[in-house]
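Read the structure below first, then the notes.
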Amino acid sequence: MRTMTSPDSPAAGTPTAPRSSNANLFVALRAAFPADLDACAVETETGLHYSWRDLDEATAMVANLLDSLDLAKGARVAVQVEKSVEALVLYLATLRAGLVYLPLNTAYQSAELAYFIADAQPAVVVCQGSQFGWVSKMAFAAGTAYVFSLNDDRSGTLLQRAAQFPRQHSPAQVQAQDLAAIIYTSGTTGRSKGAMLSHGNLLSNALVLKDYWGWRTPQMGGDVLLHALPIFHVHGLFVAIHGALINGSKMIWLSRFDPQVVLQNLPRATVFMGVPTLYVRLLAEPGLTPAQLCSMRLFISGSAPMLLDTFVQWQERTGHTILERYGMSETVMLTSNPYHAADGERRGGTVGRPLPGVQLRVRDGDVDLAAGEVGGIQVKGPNVFQGYWRMPEKTAEEFTADGFFKTGDVGQVAPDGFVTIVGRSKDLIISGGYNVYPAEIEGYINAMDGIAESAVVGVPDADFGEVGVAVVIGKPGARLDPQAIIAQLKATLANFKIPKRCFVVGELPRNAMGKVQKNLLRQQYGPR
Ligand code: MCA
Ligand code: AMP
């Protein structure tokens, strides 16, 4: 069997968690706080400073509040709030209390939220104060016991209640396989699946990346992470936050990505993480100069393929070589280009080698492929998730008999171990780092009056990498207006899922089996 592991670091070299009888991820993160608890842990763009002590005490208070609710082991805390340091505190407090964190994209509208709440059955829901009325109604109807509000200006009932609780808290005792979070990823059939990640999954990945990306602890001079990503997905929530905290490194915390604000803060940062769209937008800023990046040591990209052109432009313009890595909600990080020069060059267009402890193979059906051959990427490792929430059949389908997870990505491994992703077997559009499943959008379009059928495809886009285009067929006699179709979708779905263009046509191209030939639609409706 041809299974790749990182040559410099086979499974035997996988870093292990600090010795503790409690596998709670929070315990490991807390143990990495610097000795000087009054030093700044998080600084916001509006000039607020939170010390490590603040983080410790605030998470204790929220964890005590959660404890007081007397929830069952494994209870879910579903959270749809704008990015703020208090939202970070809520995430850490949920870990601390041994409950399961369920982050939700703030762009989700009521139909989307209703699905997640019905499926996950959270015991606690936390939402923006402005949404409290309808969210609490929906959540209580679905059996949720507690709904709190949390706003991005440090107000809301969650903080009001937590203020009554002590500033000390003993982290809940958990096992490595106990769940820490559920991350919903859309399904190819349109039904979202909750990927269950354990404390062990998240901690093992954080420890691997700590070494692999050469994070500098405070004793080594320290790192400063400029955090500009949303915190409801793996990239901003786990890779970025765990990376900084497990190193006792400060974060400069931006509420959203604004290229100008990023540029203002880069001279004080050492590490930046982004999806390719962030790099494309930064390159469009005349103020992006090497002088601006004098303190930076590492730029990381992932969540979507980075065009070689962006990689090269960044290198030429800034003198920095972006480190591209590859991961999934189900697996956290899988592969990475090298950080240390001794491990080799960072190769644009590739996602690097499997991380220490990750086994990666490329297969065609049950047949292992040789170096350079293209097939389905399968992975195994301590980072691979515990299965899909309440979907045992779906979970079983996605694993091979020998325990490898089928990523749905198509790629090849070079003789020296570098992995290149060449496509996807899953029908998925990745737009600005967000996943959009055509089946979900098609389902909504097909349910509209006068529609016979539709196909949604991803086409290249200079800003978002890829965007959706809808191609629609009307029922006989129906008069369809593409703009009205887009407007109806906007009223129902998260904004990033809305196709950027819609075409009403007479028929869809099909192959001999009757299947819509999406590749032809991509050619026809993509950029010319
Ligand atoms: C915003 N819009 C988009 C997207 N974002 N359209 C398509 N794709 C998008 N990603 C549209 C809105 O619908 C709106 O359109 C208009 O752009 C402006 O919206 P706004 O919210 O102001 O956009 P923005 O602030 O400019 O956001 C763009 C963004 C954002 C900063 C690139 O999408 C973003 O933060 N992306 C990062 C996603 C991410 O963190 N992914 C990690 C997933 P209209 O005006 O028509 O309404 S974790 C993962 O994938 C794995 C595990 C991994 O490997 O990391
Ligand atoms: P998610 O469902 O949000 O976890 O998205 C995971 C998917 O994002 C993977 O299966 C890949 O298709 C894609 N992805 C993540 N990182 C990269 C990358 N560096 N290059 C290409 N695709 C990527």
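Structure data summary
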read-out	value
Residues that are surrounded by 24 or more Cβ atoms within 10 Å (Cβ to Cβ) and of a type in the set (K, R), drawn from the stretch 343-364	R353
Cβ pairs under 8 Å, 6+ apart, first in the stretch 301-324 and of a type in the set (D, E), second in a loop (DSSP other than H, G, I, E, B) and more than 16 Å from ligand 1 (Cβ to nearest atom)	E324/R346; E324/G348
Qualifying residues in the stretch 117-141 (those that are among the hydrophobic types (A, V, I, L, M, F, W, C) and surrounded by fewer than 16 Cβ atoms within 10 Å (Cβ to Cβ)) - the one nearest to D70 (Cα to Cα)	F140
Count of residues meeting criterion [within 16 Å of ligand 2 (Cβ to nearest atom) and open to solvent by 50 Å² or more (accessible area, probe 1.4 Å)] in the stretch 261-309	4
Any strands (runs of 3 or more DSSP E) falling wholly within the stretch 402-509 and containing at least 2 residues that are within 30 Å of P356 (Cα to Cα)	405-413, 419-424, 429-431, 434-436
Residues of the stretch 442-456 classified as hydrophobic (A, V, I, L, M, F, W, C), open to solvent by 10 Å² or more (accessible area, probe 1.4 Å) and in contact with a Ser or Thr (Cβ under 7 Å, 6 or more places away or on another chain), total	0
The listed residue being over 25 Å from I252 (Cα atoms) and at pLDDT 95 or above, out of D67, D56	D67
Test: residue in the stretch 219-227 that is within 14 Å of ligand 1 (Cβ to nearest atom), in contact (Cβ under 8 Å) with a residue 60 or more places away in the chain and not in a strand (DSSP E or B)	no
Qualifying residue in the stretch 326-336 (condition: within 16 Å of ligand 1 (Cβ to nearest atom), under 17 Å from A414 (Cα atoms), open to solvent by 10 Å² or more (accessible area, probe 1.4 Å) and part of a strand (DSSP E or B))	yes
The stretch 476-498 residues that are within 13 Å of I451 (Cβ to Cβ), paired with ones that are open to solvent by less than 40 Å² (accessible area, probe 1.4 Å) and in a helix (DSSP H, G or I) (beta carbon under 9 Å, 6 or more apart)	I485/I445; Q488/I445; L489/I441; L489/I445; L489/K497
Boolean, L92 is touching a Phe, Trp or Tyr at 6+ places or on another chain (Cβ under 8 Å) and open to solvent by less than 10 Å² (accessible area, probe 1.4 Å)	yes
Filter result for the condition that a residue is within 16 Å of ligand 2 (Cβ to nearest atom), open to solvent by 10 Å² or more (accessible area, probe 1.4 Å) and of a type in the set (D, E, K, R), over R256, R191	R191
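The rows are residues; the columns are (1) among the small types (G, A, S); (2) at pLDDT 95 or above; (3) within 16 Å of ligand 2 (Cβ to nearest atom); (4) surrounded by fewer than 18 Cβ atoms within 10 Å (Cβ to Cβ).
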site	(1), (2), (3), (4)
E440	no, no, yes, no
G458	yes, yes, yes, no
V469	no, yes, no, no
A487	yes, yes, no, yes
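Residue by residue, here is whether (1) in contact (Cβ under 8 Å) with a residue 40 or more places away in the chain; (2) over 23 Å from D153 (Cα atoms); (3) out of contact with any helix residue (DSSP H, G or I) (no Cβ under 6 Å at 6 or more places or on another chain); (4) not in a helix (DSSP H, G or I) holds:
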site: L102; (1), (2), (3), (4): yes, no, no, yes
site: N105; (1), (2), (3), (4): yes, no, yes, yes
site: Y108; (1), (2), (3), (4): yes, no, yes, yes
site: E112; (1), (2), (3), (4): yes, yes, yes, no
site: F116; (1), (2), (3), (4): yes, yes, yes, no
site: V125; (1), (2), (3), (4): yes, no, no, yes
site: Q131; (1), (2), (3), (4): yes, no, yes, no
site: W134; (1), (2), (3), (4): no, no, yes, no
site: M138; (1), (2), (3), (4): no, yes, no, no
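The values are calculated or read from the model by the stated rules, or taken from the named source; none is laboratory data. Because the structure is a prediction, the values reported are computed rather than measured. Here Cβ is always computed from backbone atoms with ideal geometry, including for glycine, and neighbour counts include all displayed protein chains. Heads up: the accessible areas ignore ligands, DNA and RNA and are worked out on the full protein's heavy atoms, side chains in. Shrake-Rupley method; radii C 1.70, N 1.55, O 1.52, S 1.80 Å.
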